[in-house]
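The values are calculated or read from the model by the stated rules, or taken from the named source; none is laboratory data. Here the structure is a predicted model, which means the values were calculated and not measured. Here the Cβ positions follow ideal geometry from the backbone for every residue, glycine too, while neighbour counts run over all protein chains shown.
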C-alpha cells in the first residue's frame, strides 16, 4: 500500500472510536497533565493546571474573528493591576508582529490598519494612547466564574551539537515518513484534543513508537527518521524536546535554529514528577537544574528517567534570524512580551494584559503581552506560558516560574 493509499485508508475509516483505541498513545490528555508549548513543565510541585506543551502539538491557528464569548467580562482600564506602570512602548513591536498574521481578519482589520500608519517604535505614552483608544479590556473568565489560572514559563535553549555523529551523541530527528496522522476533527469535533499518531504493522494501525522504542531502534541502527543534527548531551536534548525550539551550536561556532515539527502521539509524562514519585527528589528540587544534578549522580539510570516519558518530539530546521523562534501564530516570539495560550479562550494574535508575579516571589509582574503561541496542555481561560527569551538566564527564570495570574484580552472596539 503506497503512502497516498494509506492516507485515503486512514481518512475513510468509519469506526473512529476503534481507531482512537488502536492508537493508544493518542489518547486525550488528562486535565492534570503536567505539560506546556511543547512539553515545558519539568517539575512536579503543583497540578493546578496543565502546563509546555506544548503538549504538544501546535494546532492550526483558529479563526481570530470568532465572536467574543460571554465569559469575557468587560473591564475598565483602572481595573487592570499595574496597567499604568507597564512600558507599553516595549509591547508595540510584538503587537505589530501579531498584525502581520491577523491583520486581514475582520475583527482585527481596522485596528491593525491603524497600527500600520504609525512608526515601528512608539513611546510608552503613544502606545498606551493607541491601545486605550482602539481596545476594550475584557477579563478572561472560566465558565465557573474563576478568573485566576496558572502561569508557567518557557524559553529558547542553546545546546551543543554537530552535523556528524560523535561518541555519546543523540539524534535530533525530523518527522518520520512512516508515521500516520489520523484527522477526524471535521466529522468528530470532540476528538480535537486527541493526538492520533500511528504506524502500519502489517494491515493494522498501531501506536507509533514510544521514546523507549525509538531509543532501542537507534541503538540497533534502525532509526525511522532523518537525522537533522546530533546533540552532544542527552539531557540537553530532552530539555530541547520540552521547550519545543532552540539553537544548536556547532563545533565551528555557527548556530542552527530548530523548531517543533511533530510528536509521536504519546502523552507527556513529567520526569520531575517521576523523580518525586520515586522518592529521588523533593518537589522543590525538581527543577531543570535539580534534574540535571540527579542525572550527573546517576548516569546509569539516565535512560530509565528519560524513557519514563513516552512522548518524543520531532523537529524541523528553521531559518536563522535575530528575533525569537516562531510561535503557533507564525511570527517571531518576543522575549517577555509573548505568551502561549489556550486558543479556545484567547484568540491567537490578541493583545493580553497579564497580571502575575515574578518567579518564586510575590513581586508583581504586570505586562502587556501578545498571544502568539499555543501548547496542547495550555488549557484554560487564564492559563498562560510566558516566553522569557533565549539562553541560560531566560532558562533560569522559566524553570522557576509557576505562579498564579489573571488575564485581560484587549478586544477591538469595532
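Find the residue count for the range 232-256, including only residues that are crowded, with 18+ Cβ neighbours inside 10 Å and within 17 Å of residue 155 (Cβ to Cβ).
14
Kindly indicate whether residue 125 is within 25 Å of the chain's Cα centre (by Cα) and outside any loop (DSSP other than H, G, I, E, B).
So residue 125 fails the test.
From the list 220, 215, pick out the single residue that is over 26 Å from residue 357 (Cβ atoms) and exposed (fewer than 14 other Cβ atoms within 10 Å of the Cβ). Even if it seems obvious, please write down each step before you answer.
On the way: 215 fails: exposed (fewer than 14 other Cβ atoms within 10 Å of the Cβ).
Sole residue among the options that is over 26 Å from residue 357 (Cβ atoms) and exposed (fewer than 14 other Cβ atoms within 10 Å of the Cβ): 220.
Give the residues of the range 239-255 that are at negative phi, in contact with a strand residue (DSSP E or B) (Cβ under 8 Å, 6 or more places away or on another chain) and part of a loop (DSSP other than H, G, I, E, B), sorted by residue number.
Of everything in the range 239-255, those that are at negative phi, in contact with a strand residue (DSSP E or B) (Cβ under 8 Å, 6 or more places away or on another chain) and part of a loop (DSSP other than H, G, I, E, B) turn out to be 250, 251.
What's the number of the only condition in (1) closer than 19 Å to residue 302 by Cα; (2) out of contact with any strand residue (DSSP E or B) (no Cβ under 6 Å at 6 or more places or on another chain); (3) assigned to a helix (DSSP H, G or I) that residue 167 fails to meet?
(3)
Looking only at the range 113-128, decide whether some residue is out of contact with any helix residue (DSSP H, G or I) (no Cβ under 7 Å at 6 or more places or on another chain), closer than 15 Å to residue 410 by Cα and at pLDDT 95 or above.
no
Are any residues in the range 360-384 in a strand (DSSP E or B) and at pLDDT 95 or above, and if so, which ones?
Residues satisfying the conditions are 364, 365, 366, 367, 368, 369, 370, 371, 372, 384.
What residue, of 309, 298, is under 24 Å from residue 396 (Cβ atoms) and more than 25 Å from the chain's Cα centre (by Cα)?
Unique residue meeting the criteria: 298.
Please tell me if residue 302 is more than 20 Å from residue 90 (Cα to Cα) and either surrounded by 15 or more Cβ atoms within 10 Å (Cβ to Cβ) or at pLDDT 95 or above (or both).
yes
Here is a list of conditions, (1) at pLDDT 90 or above; (2) out of contact with any helix residue (DSSP H, G or I) (no Cβ under 7 Å at 6 or more places or on another chain); (3) buried (at least 24 other Cβ atoms within 10 Å of the Cβ), and residue 268 meets all of them except one; can you say which number that is?
Of (1) at pLDDT 90 or above; (2) out of contact with any helix residue (DSSP H, G or I) (no Cβ under 7 Å at 6 or more places or on another chain); (3) buried (at least 24 other Cβ atoms within 10 Å of the Cβ), only one is false for residue 268: (1).
Would the range 336-359 turn up any residue that is at pLDDT below 90, assigned to a strand (DSSP E or B), within 17 Å of the chain's Cα centre (by Cα) and under 20 Å from residue 245 (Cα atoms)?
No, the conditions are met nowhere in the range 336-359.
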